[in-house]
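So the structure is just underneath, and the comments pick up after that.
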Amino acid sequence: MLQTNNYSLVLLIQLSLLAFDLFVNSFSELLRAAPVIQLVLFIIQDIAVLFNVIIILLMMFNTYVFQVGLLSLLLERFRALLVLSAVYLTLSICLHCWIMNLRWMESNRFVWTDGLQVLFVFQRIAAVLYYYLYKRSTEYLGDPRLYEECPWLRDAFARARL
Amino acid sequence: MTMETDDEKGYGTRRRELPPISHVQKHGPRALPSLPSQDTTDEIQVPKKKKKKKVKQEEETESVRGPKDGGIEMGGLASPRQSESREPLTPEPPENLPQRKKKKKKAEAVDQDGDQANLVLNGDMADQNSDEETTRKPKKKKKTKPKATESDPELGIEDDDIITGPAQPPIPQHALFSAPQGQSQPVAKVFVERGRRFQPAERTDRHGPSNQTEHNFMDVQSTWTTRDVSVRVHRGFRVIGLFCHGFLAGYSFWNIIVLYILAGDQLSALSNLLQQYCILAYPAQCLFYFLLALSTVSAFDRVNLARGPHAIRSFLTFEPVALASFLYFSALVLSLSQQMTSDRINLYRSANASLWLPGSEHSVLYPWIIVNLVVTLLVGLAWILLSTTPDVDHTEESLMAMNIEFPSLEEKGSVTA
């Protein structure tokens, strides 16, 4: 059974990482005067996304549903998040590499091309969807039904067997 | 001789069997005459011997006098301690008194195991003549001790008076004088200082309220589940979202007004706009993204977008929250699409001439202003839609449904069957 204190702590860490991610996505363009600062921010942001994915995977492994082997039930709920996290992380790394490559020598110059603009828009939109799905998933992982045997789980198990 | 063997075998365990056959021992008292007293450290033993000696003398006199002394025994109650120790004694017919005293004497020699009652009893027998003797008792004991040990054989003390126990426990001194040691019983009242006076108050009254609040707090803490934490976090974020919706609507409205004012009538002063707004363009864009991201996530939460069929139904039925989330998402995409133009405006002063060719301002800025206007309209409309239904939150409804529903007894029976 997931303890309330532990869950609160994990939730706090996850939301803090999300907030940092949002902050970097929003204001990193303003901190481009020194490319090193932007580089460090981007690295931390990508690591934070990775950490968040690892944390949510660990929370899923901790569920009773996962331990009894009902993986499909978890995937049905959290598939979108897992897919979007992977997409977002990929887009972020690509965008960060591209931008840093263009701005490393001279940070305060116009670097935008159509391709970069498209990637930028997709990365930022994916970020918003990732925030929404991640927040929702962390809240749904507080579902007590996922951590102990209950009629709901028995029904789900019966449906999975059919 | 049989007694000796018995004593040798089980001295410590069978002491209580000795008194009934004391008269047998009396016939052969010299069988073990000069046993050196091993208990030289025993402070109480020797005075007793003296007292016993006195008692013996008294017995002789008593035997001469006859059964008078029963009255003395009963009448010698002077000090309260004596009276206490004498309470268990019951008056007996005077014929039995000498024998009884002898028995007591034997019992006293054998039963010196630190029992306070016995000690006082012995003291009674010795001190029945006067009360002063009992009060001076401790002093006497110390003074007479060495002499008595030396003159054991000479005085002809009976062998059963000498105790050769292996480990005789020392009699606690305080046992004679200390008050009865009982555990103090807690009183139901507590004395509380009120106005320089201690007044009795009920213990339960005093601790009642604090205990109750503590208990309630513990109850609240213990009854919190992970679902409650989730719901609380979600509600907190909804408050932040509400603030962001309003702030974003106001900010975008202010932004578009500033743009139109700086651009002049019929966008005739675009160079002025570039000069004035180039500092604000990129921060404004970043702030737009920040607020739009929060507002979009909040609007998606309201619709519960992740539940596909439910969200589609909401869109098809033109639910305000569904429309608002769509408007916010559209505004976000439109705003992001102007990132390049915003950066171009931001670099207006510092960039070279190739970035802003002469006469290109209108072609670049006109769509940018129109997009900003559309974003403002979308954001404003979304805010109005959300403000009409502030209580609708489908995600919270589903979070609240995360309960473990245990089947009732009837259902349980049917399930097991």
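The values are calculated or read from the model by the stated rules, or taken from the named source; none is laboratory data. This is a predicted model, so every value here is computed, not measured. All Cβ positions, even for glycine, are placed from backbone atoms using ideal geometry, and neighbour counts span all protein chains on display.
Remarks
- Residue check for residue B:343: under 57 Å from the mean Cα position of the chain (by Cα), at pLDDT 85 or above, within 25 Å of residue B:252 (Cβ to Cβ) and not aliphatic (A, V, I, L, M): no
- One residue alone among B:330, B:342, B:335 is in contact (Cβ under 8 Å) with a residue 24 or more places away in the chain, outside any loop (DSSP other than H, G, I, E, B) and either surrounded by fewer than 18 Cβ atoms within 10 Å (Cβ to Cβ) or more than 11 Å from every other protein chain (Cβ to nearest Cβ) (or both), and that residue is B:330.
- Residue check, residue B:290 within 13 Å of chain A (Cβ to nearest Cβ) and either over 50 Å from the mean Cα position of the chain (by Cα) or assigned to a helix (DSSP H, G or I) (or both): yes
- Listed conditions (1) modelled with pLDDT of 85 or more; (2) in a loop (DSSP other than H, G, I, E, B) are all met by residue B:354, apart from (1).
- Test for residue A:70: is it over 22 Å from the mean Cα position of the chain (by Cα), surrounded by 16 or more Cβ atoms within 10 Å (Cβ to Cβ) and not hydroxyl-bearing (Ser, Thr, Tyr): yes
- Residue check, residue B:322 free of Cβ contacts under 8 Å to residues at least 40 places away in the same chain, assigned to a helix (DSSP H, G or I), crowded, with 19+ Cβ neighbours inside 10 Å and of a type in the set (A, V, I, L, M): yes
- Residue within segment B:240-252 that is under 60 Å from the mean Cα position of the chain (by Cα), in contact (Cβ under 8 Å) with a residue 40 or more places away in the chain, closer than 15 Å to residue B:373 by Cβ and surrounded by fewer than 21 Cβ atoms within 10 Å (Cβ to Cβ) present: yes
- Within segment B:354-380, the set of residues being hydroxyl-bearing (Ser, Thr, Tyr) and more than 14 Å from chain A (Cβ to nearest Cβ) comprises B:363, B:366, B:376.
- Within segment B:265-286, being farther than 16 Å from residue B:363 by Cα and more than 60 Å from the chain's Cα centre (by Cα) holds for B:265, B:275, B:276, B:277, B:278, B:279, B:281.
- For segment B:355-399, the candidate set comprises residues that are crowded, with 17+ Cβ neighbours inside 10 Å and polar (S, T, N, Q); within that set, the residue that is farthest from residue B:344 (Cα to Cα) is B:398.
- Hey, residue A:91 of a type in the set (A, V, I, L, M, F, W, C), assigned to a helix (DSSP H, G or I) and either at the interface with another protein chain (Cβ under 10 Å from one of its Cβ atoms) or free of Cβ contacts under 8 Å to residues at least 24 places away in the same chain (or both) or not: no
- Only residues that are within 7 Å of chain B (Cβ to nearest Cβ) and either touching an Asp or Glu at 6+ places or on another chain (Cβ under 6 Å) or of a type outside the set (A, V, I, L, M) (or both) were counted in segment A:103-134, giving 8.
- From B:228, B:301, residue being under 23 Å from residue B:375 (Cα atoms), within 53 Å of the chain's Cα centre (by Cα), among the charged types (D, E, K, R) and within 10 Å of another protein chain (Cβ to nearest Cβ): B:301
- Test: residue B:282 is farther than 30 Å from residue B:314 by Cα, within 11 Å of another protein chain (Cβ to nearest Cβ) and either among the polar types (S, T, N, Q) or in a helix (DSSP H, G or I) (or both): yes
- Residue tally, condition surrounded by 18 or more Cβ atoms within 10 Å (Cβ to Cβ), facing chain B (nearest Cβ under 8 Å) and out of contact with any Asp or Glu (no Cβ under 8 Å at 6 or more places or on another chain), over segment A:16-42: 3
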